[in-house]
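Below: one structure, written as structure tokens.
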Amino acid sequence: MSIANLSIEICGIRFRNPILTASGTFGYGEEFNQIIDLSKLGGIVTKSITKHPRPGHPPPRTHETAAGMLNAIGLANVGVDKFIEEKIPFLKTLDTRIIVNVAGFSIEEYTYTVERLNDTDGIDMLEINISCPNVGADGLEFSSSVRRASELTTALKKISRYPLIIKLSPNVTSIAEIARAAEEGGADCLSLINTLVGMGVNHWTFKPILTNITGGLSGPAIKPVALAKVWQVYNAVKIPLIGIGGIMNHFDVAEFMIVGASLVQFGTANFINPDCTVKAAEGLTDYLKQTGISDISELIGKLGGNHEIQGKNFPACQGT
């Protein structure tokens, strides 16, 4: 049997394999460059970029939990101007796909950042973070309202030169409704899930562990939730999905693809084992050989669902 094909194409962009790194867990890529061969990844999703630099929340802002971690970083980042000046030159040198994560607190902030990135080469896609659970109520506004999610997506689709990925929150009544709103607004792709809202308490001091009190729960503990959300959204929309949530190895990658994801993102796993992504890519080749699958795209939606999912073809992404 010949070597299995691990490449995946979405939005007219071909990824070497379905493995990406999750925003906020991989810095701007350069931090891991001396540890792993970044060219073996399908792509890198950068730390969230905002209009202005942000210091984030004061420490402690991370906390290990059973089978996971809490974080309340607060979108700390260098701001879009310094990102373009200091980070893009390195990212341009990499032989992998680059997805820039964009965050904001108003449509104006999002559009400003996207317009600045429009003037920059070396980017393949934008991931729009509408769902950060640890930056106050405004951070959840776009992810929890059908109308606001549609408005933001529509506004950004009109101006972006890059395909748009809308990152969804699980902390909503119906993630499928938000997903459909983003699709109707022109989203080319959806990524899910962002972290679940959680908190930690010190039973000796009677105080919260994080300075922000609550934070985002990630890691293996949330994987069953993430799988269910991906499956629900896959049955609700026609655009491709990127699965996120507790992915640790190549078997997890396969499971997310089976329920409907075209690509996946490794997040918390990077803190535990910095070369987890490379090992997962290697493991996928063996897994496909063992299952007799010659092309990894055959896994997408293999579970089936509420309608004719097996063999479902995604339409070409909408151009600008």
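The values are calculated or read from the model by the stated rules, or taken from the named source; none is laboratory data. Remember, predicted model here, so these are calculated numbers, not experimental data. Cβ sites come from the backbone with ideal geometry, for glycine too, and all protein chains shown count toward neighbours.
What to note about this one:
- Filter pass, residue 82 being free of Cβ contacts under 8 Å to residues at least 60 places away in the same chain, crowded, with 18+ Cβ neighbours inside 10 Å and more than 25 Å from residue 245 (Cα to Cα): no
- Selected residue (criterion: farthest from the chain's Cα centre (by Cα)) from residues of region 194-216 that are part of a loop (DSSP other than H, G, I, E, B) and not β-branched (Val, Ile, Thr): 204
- Summed over region 218-251, the residues that are in a loop (DSSP other than H, G, I, E, B), within 29 Å of residue 61 (Cβ to Cβ) and over 14 Å from the mean Cα position of the chain (by Cα) give a count of 2.
- Meets criteria (surrounded by 14 or more Cβ atoms within 10 Å (Cβ to Cβ) and within 27 Å of residue 119 (Cβ to Cβ)) for residue 60: no
- Test for residue 225: is it of a type in the set (Val, Ile, Thr) and without any contact (Cβ under 8 Å) to a residue 60 or more places away in the chain: yes
- Members of region 1-23 that are among the small types (Gly, Ala, Ser) and either surrounded by fewer than 23 Cβ atoms within 10 Å (Cβ to Cβ) or modelled with pLDDT under 95 (or both): 2, 4, 7, 12
- Strands (runs of 3 or more DSSP E) contained in region 1-90 and holding at least 1 residues over 16 Å from residue 277 (Cα atoms): 8-10, 13-15, 62-65, 68-71
- Residue check for residue 144: crowded, with 21+ Cβ neighbours inside 10 Å, at pLDDT below 95 and of a type in the set (Ser, Thr, Tyr): no
- Look at (1) at pLDDT 95 or above; (2) closer than 30 Å to residue 159 by Cβ and you find that residue 313 fails only one, number (1).
- Qualifying residue in region 185-193 (condition: in a helix (DSSP H, G or I), farther than 21 Å from residue 36 by Cα and not small (Gly, Ala, Ser)): no
- Residue count for region 10-36, restricted to those that are in contact (Cβ under 8 Å) with a residue 40 or more places away in the chain and over 17 Å from residue 267 (Cα atoms): 6.
- Test for residue 55: is it at pLDDT 95 or above and out of contact with any Ser or Thr (no Cβ under 9 Å at 6 or more places or on another chain): yes
- Scanning region 254-273 for residues that are closer than 21 Å to residue 26 by Cα and part of a helix (DSSP H, G or I) returns 256, 269, 270, 271, 272.
- Taken over region 29-75, the residue count meeting the criterion of being of a type in the set (A, V, I, L, M) and over 25 Å from residue 221 (Cα atoms) is 4.
- Whichever residue in region 167-204 is touching a Lys or Arg at 6+ places or on another chain (Cβ under 7 Å) and more than 21 Å from residue 12 (Cα to Cα) and, among such residues, is surrounded by the most Cβ atoms within 10 Å (Cβ to Cβ): 194
- Residue 98 under 30 Å from residue 285 (Cα atoms), in contact with a helix residue (DSSP H, G or I) (Cβ under 6 Å, 6 or more places away or on another chain) and hydrophobic (A, V, I, L, M, F, W, C): yes
- Test: residue in region 162-183 that is under 25 Å from residue 61 (Cα atoms) and assigned to a helix (DSSP H, G or I): no
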